[in-house]
Amino acid sequence: MEIKNYDELNSLQLDTLREVGSIGTGNAATALSTMLGREVRITMPEVRIMEYNEAIEWIGGPEEITAGVLVKLRGQFNGIMLSVQQLDFVNLVLDHILERKIMEYSELMELENSLLIETGNILISTFIGALSDLAGLDIRLTVPAFTVDMQGAILAVPMAEYGGQSNYIMTIGGNFICNEKEVPCRLLLSPDVRSLNVLLRKLGVSDGQ
Amino acid sequence: MDNKITIGIADMKLAKGNGMLVTYALGSCIGICLYDPLIKLGALVHVMLPLNMETGRKNPMKYADTGIRETLKKMESMGAVRSRITAKIAGGAKMFETSSESMGNIGQRNIESVHLNLKREGIRLLKEDVGGKVARTLLFDVASGLGCVRSYGRPELII
């Protein structure tokens, strides 16, 4: 049975997506660890299906400024993947690679921006690579796009893209733990509903049995 | 700030006499302030998409066409007169410069739809701050009929 909206997912399907999230985030953590030269672990990943305004509260309020890296997924699986990089995460990366930290996003220069884009791109590519292997799906990624602005508006991008289909947004992901500190990873995968059905079918849980 | 009334995505709220209507972080979405200055009745609707093609139309405020129409209906039922109602709008940005064309520019389509639907309903558009690449928070003071747009890295703008 095909689902028409995210809120129709049953518990087996949610568990399966959580497993996808776990493998994806785990791979992303390994890539980040290699990049930073530090051990990076992950917390229990979660799958959340949230109404728009709930999602914006969950990420920390609409007006908070963050950096966002966006990649679109094409091929057998359509969707948007976002890496929302809040200040803790930005400083984790900047500190280890450039040995500097920032207090505000306005301090970001060309070099820092490139580093954040590339970090987002690596996290997203490894996550999607794992998903693609797991489900046997051919997924193409676009060149990453980057912005620094209010996170409510960044989160609204996948919402608007799939807004005609749903009042909900689905996010999959956990937190990174580095230097004994928990840093929200905020990797958000928003598949369109058709692609979600394809994924569930490929993973053998489309009928919920 | 006194009497602050927050409007979420795909939502609409009204205030009469005084009050500050606020909607946060408009990206490609558009905030539409509709105002009858004589009775000081203001409404702010936060729409996300240009056209309502949903079956059943359960979320009129999510779309520019049904959002504007339903809000006007509501205002008229509270004593507003169509010929006096004016509009101010903000939003319709393109948050990410992406290489793929298939996503289209939802912000631009929203702006066009809001313009079209205001015209169709006979509402004068007084001021706007639309397009570009910045997110906007829109505040509308019902007592004065003035709007204020707040963005990251840009001075506040009165509309």
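Observations on the structure shown:
- Heavy atoms of the protein chains alone define the surface here; on that basis the range B:24-159 has 42 Å² accessible area per residue at 1.4 Å probe size.
- Choice from A:24, A:152, A:37 with maximal GNM fluctuation in chain A (Cα, 10 Å cutoff): A:37
- Computed [θ] at 222 nm, helices only, for the protein assembly as shown once each DSSP H run of length n ≥ 4 contributes -39500 (n - 2.57): -11000 deg cm²/dmol
- Surface per residue (accessible, 1.4 Å probe) for the range A:6-202, Å²: 38 Å²
- Positive contributions from Lys and Arg (+1) and negative ones from Asp and Glu (-1), summed over other residues with Cβ under 11 Å from the Cβ of residue A:97, come out at -2.
- A straight Cα-to-Cα reach below 23 Å connects residue A:101 with the lysines A:181, residues fewer than 8 places away in its own chain not being considered.
- List of the range B:1-22 residues, accessible area with partners at least 40 Å² below that of the chain alone (1.4 Å probe): B:9
- Within straight-line reach of residue B:88, meaning a Cα separation under 16 Å, sit the following aspartates and glutamates at least 8 residues removed in sequence or on another chain: B:36, B:65, B:112, B:121, B:128, B:129, B:141, B:156.
- Longest to shortest principal axis, alpha-carbon extents of the protein assembly as shown, angstrom: 65, 51, 34
- Note on the range B:25-159: the C-alpha convex hull projects to 8.5 nm² when averaged across all orientations.
- Computed over chain A, the alpha-carbon pair-distance distribution with 5 angstrom bins reads 1, 7, 16, 20, 21, 17, 10, 5, 2, 1, 0, each value a whole percent.
- With 40 Å² as the minimum drop in accessible area between chain alone and full protein complex (1.4 Å probe), the qualifying residues in the range A:158-194 are A:160, A:161, A:167.
- About its Cα centre, chain A has a charge dipole of approximately 640 debye under the convention of +1 per Lys or Arg Cβ and -1 per Asp or Glu Cβ, with nothing else charged.
- Residues whose placed amide H lies under 5 Å from that of residue A:140, excluding near-sequence neighbours: A:74, A:75, A:76, A:77
- With every protein chain in place, the protein assembly as shown: carbon and sulfur % of accessible area (1.4 Å): 51 percent
- Using a 1.4 Å probe over protein heavy atoms, the accessible area lost on pairing A with B, summed over both chains, comes to approximately 2400 Å².
- Couplings 3J(HN,Hα) for the range A:58-68, derived from phi with the Karplus relation 6.51 cos²θ - 1.76 cosθ + 1.60 (θ = phi - 60°), are 4, 7, x, x, x, 8, 4, 7, 9, 9, x Hz, where x marks Gly and Pro.
The values are calculated or read from the model by the stated rules, or taken from the named source; none is laboratory data. Worth saying up front: this structure is predicted, and the values here are computed from it rather than measured. Backbone-built Cβ (ideal geometry, glycine too); neighbour counts: all protein chains shown. Accessible surface areas use protein heavy atoms only, side chains included; no ligands, DNA or RNA. Shrake-Rupley method; radii C 1.70, N 1.55, O 1.52, S 1.80 Å.
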